[in-house]
Amino acid sequence: MGNTKSLLLSLADGVDADKIEDAHKSLLSEMARKNIIKFNDNVYKFHSDYRAGKMDVSLNGTGYLETFGREDKKDLIIDQKDLAGAEKGDLVVAKRFFTQSKRAKAKVVFIVQKGFSTHVGVSRPVNGAVVVQNIKNSLPITVAATQKSLKQLPPYTLLKIDSATGSIREVLGVLSDANADEKISLALYNKEEFFSAEAEDEAKSHGNSVDKSFYPNRLDLTDLAFCTIDPNDAKDFDDAIYFDEKNFTIYIAIADVSEYVYPFGFIDKEAKSRGFSIYFPHKSVPMLPRSLSENICSLKPNEDRLVFGFKITLDRVTLEPKKEELFEGIIHSKKRYTYELVDKFISAEAGGQDAADEEILSWLLPLYKLTIKLKAKRLIHAFNFRSSEIRMNLDSAQNIISTTIEEETPSHGLIEDCMLLANKAAARRIKYGIFRTHEPPSPEKIEKLLNDLILIGIEAKFNPDIPALIRAVQAQADEIGLRADVDKLIIKSQKQACYTPDNKGHFGLGFDIYSHFTSPIRRYSDLILHRLLKAQLRDEEKAAKFQLENIETLCERLSELERESDKVAWDFMDRKFARFMAAHLKENFICKVTEVGKTSIALLDDELKGARIFLINDDLELFERVSVQILESDVTTARIIGKVVKRLD
């Protein structure tokens with residue numbers, strides 16, 4: 001999609017015919033035939049009334065076109081009758097016109113590229129016939145199947161449908177079966193769980209063990225007491241650490257995925273199309289075949305493993321890096337720890353259980369004290385958001401049994417600051433390639449934030465020094481006991497972090513330069529950076545140049561895939577909550593109002609936590625606690641509707 005989007009953006013100003021790629025010539029011919037573009041002086045350009053952009057479609061069927069042109073700041077409204085079959089995520093060309101209200105509207109004249117190659121529909125009996133409805137917006141889908149064949153399916157059968165042909169690609173299950181939820185969430189964003197046989201065979205060909213005698217040129221670190229620290233249910237361990245307290249040197253060893261995943265190989269092609277691993281409450285859908293991600297690449301304890309990492313020596317006074325050495329090495333992790341156990345070590349609730357524990361604790365506890373200082377130094381220019389994550393627990397039938405709130409603990413902070421050191425060190429070694437970018441919030445977003453804060457009694461004057469403004473707001477939030485809620489508002493006001501080929505800094509972290517290096521098992525961006533750095537280490541100019549071909553398009557696509565992966569996980573949780581609430585209609589639950597306006601939203605804050613509930617009430621106050629009666633819960637669209645029956649504050 002990236003190349004096509006770039007072409008459409010360029011057509012607003014004009015594109016020289018000599019620079020058109022062969023793959024786009026037929027597209028331009030079609031648009032010229034429809035009189036959408038003109039051709040003068042060897043330049044292709046849109047006619048003045050036409051705009052290209054990406055479609056969004058609301059639940060009521062109204063379309064909104066996010067235009068690619070620089071002059072159009074507001075989305076163009078497209079009535080349902082003028083969508084011409086366009087759907088959410090599609091790249092389209094629309095013709096603009098003005099109404100009596102002078103608000104610009106448009107109608108779709110050409111669908112350039114479908115946002116998703118498939119749809120998910122559910123079959124419903126309607127007046128003696130079977131209709132297939134899109135589960136995202138309940139609009140009917142044209143299916144290339146006879147009524148006779150559709151009637152043979154159980155009612156409310158879930159279907160994965162080809163967007164272009166209308167043919168049924170897969171029967172996902174029936175709506176009443178909770179086990180179908182993960183298939184729905186994956187299919188909505190056209191994600192595949194399983195790998196091709198070719199990719200699986202390629203992964204298994206690497207075997208299960210590493211013979212370090214085959215790698216005489218690698219740095220042998222197997223005598224050092226490395227350990228991994230991960231969640232309790234983690235199966236892939238892509239980072240290990242060790243601290244040499246005497247020399248004040250931190251070793252950050254990362255799984256050397258690029259040693260096993262070759263450019264344009266079967267695994268690489270599928271990893272590139274996935275971009276990221278997807279994490280459900282009960283399982284993961286990995287970016288790499290499990291025989292890599294959970295085996296030969298994973299830094300398992302008591303196994304030799306290939307790593308690519310940094311040896312960072314800090315100044316004892318300034319805590320700034322004195323030396324950052326990139327290495328290809330081999331380690332032998334001595335222990336696999338969980339965050340919970342390391343927290344107990346830190347709080348002295350648990351002591352070492354064996355010799356390996358004692359050896360690791362001799363450097364791990366001093367490292368923890370060092371990372372506290374590193375974090376304090378970092379927060380002078382960055383932000384400390386009090387974030388919490390809802391963790392959902394499911395039974396064997398994939399129904400919710402409980403939710404828990406996970407907050408950052410000392411062990412999380414220890415690992416985070418070690419990884420930040422490595423990510424910064426990696427970014428500093430490239431001038432152009434793949435950076436993790438987070439730009440400052442726009443003035444409009446800051447203005448909206450300040451207006452929202454007034455509603456809860458926080459009056460903050462605008463300050464062009466945005467970090468100082470945010471810290472002042474957080475101080476007021478602390479005083480009234482709403483810090484975590486206000487932090488969510490602040491985060492919402494900020495731009496999304498993304499990948500860019502040029503360095504633009506990372507506003508949220510307060511870093512001038514930053515990238516992603518430490519998770520190549522679950523992020524394709526990190527794998528690309530590893531390849532770039534290896535080419536640099538080995539002085540392989542051709543390999544580096546090859547990796548940088550179309551890097552701008554790749555960065556854009558990875559940013560899109562990251563958002564999609566998050567949406568898959570969120571959609572799954574929304575479905576589980578909707579399924580739970582469908583069995584508890586007319587019951588009341590304690591909630592907290594998190595959005596007020598045209599449509600107010602509350603988050604479930606009862607025994608279960610985290611479900612989004614759309615409220616029919618108005619005149620609600622931000623962050624007030626309320627009792628909400630559940631009126632509707634649609635498992636199909638994963639939407640819960642309720643009304644406030646009592647204000648609790």
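The values are calculated or read from the model by the stated rules, or taken from the named source; none is laboratory data. Being a predicted model, the structure only gives us computed values, none of them experimental. Neighbour counts are summed over all protein chains in view; Cβ atoms, including those assigned to glycine, are modelled from backbone coordinates with ideal geometry.
Can you confirm whether segment 179-191 contains a residue that is more than 29 Å from the chain's Cα centre (by Cα) and either more than 30 Å from PHE580 (Cβ to Cβ) or aromatic (Phe, Trp, Tyr) (or both)? Scanning segment 179-191 turns up no residue that is more than 29 Å from the chain's Cα centre (by Cα) and either more than 30 Å from PHE580 (Cβ to Cβ) or aromatic (Phe, Trp, Tyr) (or both). In the set (1) assigned to a strand (DSSP E or B); (2) β-branched (Val, Ile, Thr); (3) without any contact (Cβ under 8 Å) to a residue 40 or more places away in the chain, the condition left unmet by THR318 is number (1). Taking the listed residues LEU608, LEU603, the one that is in contact (Cβ under 8 Å) with a residue 60 or more places away in the chain, aliphatic (A, V, I, L, M), surrounded by 15 or more Cβ atoms within 10 Å (Cβ to Cβ) and under 30 Å from SER176 (Cβ atoms) is LEU608, with no other qualifying. Take SER277 and decide whether it is in contact with a strand residue (DSSP E or B) (Cβ under 8 Å, 6 or more places away or on another chain) and of a type in the set (Gly, Ala, Ser). For SER277, the condition - in contact with a strand residue (DSSP E or B) (Cβ under 8 Å, 6 or more places away or on another chain) and of a type in the set (Gly, Ala, Ser) - is met.
Residues that are assigned to a loop (DSSP other than H, G, I, E, B), in contact (Cβ under 8 Å) with a residue 12 or more places away in the chain and among the acidic types (Asp, Glu) within segment 614-641 comprise ASP618, GLU621, GLU624, listed in sequence order.
Results for (1) surrounded by fewer than 14 Cβ atoms within 10 Å (Cβ to Cβ); (2) acidic (Asp, Glu); (3) assigned by TED's automatic domain parsing to the domain that holds LEU527; (4) touching a His at 6+ places or on another chain (Cβ under 6 Å), shown as yes or no for each residue.
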position: SER387; (1), (2), (3), (4): yes, no, yes, no
position: ARG391; (1), (2), (3), (4): no, no, yes, no
position: ASN399; (1), (2), (3), (4): no, no, yes, no
position: ASP452; (1), (2), (3), (4): no, yes, no, no
position: ILE456; (1), (2), (3), (4): no, no, no, no
position: PRO464; (1), (2), (3), (4): yes, no, no, no
position: PRO467; (1), (2), (3), (4): no, no, no, no
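Only one of the listed residues (ILE490, ILE458, ILE470) is of a type in the set (A, V, I, L, M) and part of a loop (DSSP other than H, G, I, E, B). That residue is ILE458. Of everything in segment 614-633 that is modelled with pLDDT of 95 or more and touching a helix residue (DSSP H, G or I) at 6+ places or on another chain (Cβ under 8 Å), the residue that is nearest to GLY121 (Cα to Cα) is SER633. Does ILE330 satisfy the condition of being at pLDDT below 90, in the same structural domain as ARG538 (by TED's automatic domain parsing), hydrophobic (A, V, I, L, M, F, W, C) and outside any helix (DSSP H, G or I)? It is false that ILE330 is at pLDDT below 90, in the same structural domain as ARG538 (by TED's automatic domain parsing), hydrophobic (A, V, I, L, M, F, W, C) and outside any helix (DSSP H, G or I). Report yes if some residue within segment 239-249 is buried (at least 21 other Cβ atoms within 10 Å of the Cβ), touching a Gly at 6+ places or on another chain (Cβ under 7 Å) and of a type in the set (Ser, Thr, Tyr); otherwise report no. The answer is no, given that none of the residues of segment 239-249 is buried (at least 21 other Cβ atoms within 10 Å of the Cβ), touching a Gly at 6+ places or on another chain (Cβ under 7 Å) and of a type in the set (Ser, Thr, Tyr). Listed by position, the strands (runs of 3 or more DSSP E) contained in segment 18-57 that have at least 2 residues being over 35 Å from the mean Cα position of the chain (by Cα) and free of Cβ contacts under 8 Å to residues at least 40 places away in the same chain are 37-40, 43-46. Exactly one residue among GLU170, GLU198, GLU192, GLU182 is part of a strand (DSSP E or B) and acidic (Asp, Glu), and that residue is GLU170.
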